[in-house]
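In what follows, a single structure is set out as structure tokens and then discussed.
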């Protein structure tokens, strides 16, 4: 894996094939410029690849707690481009998503036998409409176990890559798929969430 966005001179040698060097170079660059989100992204990815998720998430949380929204958004965008799975893992562990919605199965909102994985709530202040971004999945056992546990079971499969539910005054007013945005990273993110849900279910 290479970080194609690390194009500044300070990161011309940020090679993730040498994780020790990548971590060291990232820390040095951060000391020079605390707002260098490319350096933070390199550090997070290097820690994660080396198996040190604790430090990867520590760096992430430190930025989310102390840095400006612009810096946070920039870091999230870099990480989303490289590893949506890492963000899914971090958000699932924290029980919230960077986009503002719970990482949980909304079995109570089933429509036509489908369940939905919520990956974000977005409010449009002009008309007080909430857009909920979701993944659609189907349970081959009719959610018989999912309903009681609020988790996906091994029989749950993704049916549609991503949906949006329009909600006004807590009522669903529209449901449609997103056709104009790339699906690959959303699917990778969602599949990672489903994988972690199944791991919990299997315990």
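Grab the beta carbon distance between residue 21 and residue 93, set R0 = 41 Å, and tell me the FRET efficiency rounded to 0.05.
The pair residue 21/residue 93 has a calculated efficiency of 0.90.
Sort 62, 36 so that the residue with the fewest other Cβ atoms within 10 Å of its own Cβ comes first and the one with the most comes last.
Going from sparsest to densest Cβ surroundings: 62, 36.
To the nearest 0.05, how large is the calculated FRET efficiency for residue 66 and residue 155 if R₀ is 45 Å and r is the Cβ-Cβ distance?
Once rounded, the FRET efficiency stands at 0.60.
Stretched out fully, how many nm does the piece from residue 140 to residue 73 gain, at 0.36 nm a residue minus the Cα gap?
Stretched fully, the residue 140-residue 73 segment lengthens by 20.3 nm.
Every number here is computed from the coordinates shown, using simple stated rules; none is lab data. Note that the coordinates shown come from a computational prediction; the quantities given were computed from them, not determined experimentally. We place every Cβ from the backbone using ideal geometry, glycine too, and count neighbours over all the protein chains shown.
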